[in-house]
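Trainee: Let me give you the structure first, and then I'll get to my questions.
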Amino acid sequence: SSSQEEGRSSEEWQEDGGEVEKKYHSLYEQRMNPFAEFSEHEKRRKLTELSVADRIILNTTMAVVSHQAGRSLLLVYFGAMHLLVFVTLYYSVHRVHYGCDPNLDHLLK
């Protein structure tokens, strides 16, 4: 029986095994993956090389982006900032165009 189990593929494990076997088999496969281990090692190394300011920005960004409410608030914030810029430009252009600024009256005559 154990010689048969050793020769089974991961698909066969998932078909035959229960939930516990599936869980631990996938965990085992993840631990045995050298690329995932190398990737985690490089990620930790890069994080330790960051300055304090960069780590604060990274952690804040990850906290905001990882939640649906944070992403929604970020979208609303960016929309409001764009609206503010557009409204400010609109009023500044129309104010100059219609001569409402007393300092610019000599340019309109």
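The values are calculated or read from the model by the stated rules, or taken from the named source; none is laboratory data. Model, not experiment: these values are computed from the prediction. Cβ: placed from backbone, ideal geometry, glycine included. Neighbour counts: every protein chain shown. Each accessible area value is taken on the protein alone, full model and side chains, heavy atoms only, with ligands, DNA and RNA left out. Shrake-Rupley method; radii C 1.70, N 1.55, O 1.52, S 1.80 Å.
Trainee: Given R₀ = 30 Å, FRET efficiency for residue 35-residue 56 by Cβ-Cβ distance, to 0.05? Show your work: numbers first, answer last.
Mentor: Values: r = 30 Å, r/R0 = 1.00.
After rounding, the FRET efficiency stands at 0.50.
Trainee: Starting from the residue with the highest accessible area, list 41, 25 in decreasing order, probe 1.4 Å.
Mentor: On the way: 41 95, 25 35 Å².
Per-residue accessible area, sorted high to low, gives 41, 25.
Trainee: A further question follows. Ranked by accessible surface with a 1.4 Å probe, highest first, in what order do 88, 48 come? Intermediate values should be presented prior to the final figure.
Mentor: Details: 88 80, 48 105 Å².
Most to least solvent-accessible, the answer reads 48, 88.
Trainee: What is the local net charge at residue 31, summed over the other residues whose Cβ is closer than 12 Å to its Cβ (Lys, Arg +1; Asp, Glu -1)? Walk me through the numbers on the way to the answer.
Mentor: Numbers: positive: none; negative: 29, 37, 40.
Combined, the nearby Lys, Arg, Asp and Glu give -3.
Trainee: If each residue of separation counts as 0.36 nm, what is the full-extension length gain between residue 93 and residue 69 once their alpha-carbon separation is subtracted? It would help to have the intermediate numbers written out before the result.
Mentor: Values: separation 24, 0.36 × 24 = 8.64 nm, distance 3.61 nm.
Extra length available between residue 93 and residue 69 comes to 5.0 nm.
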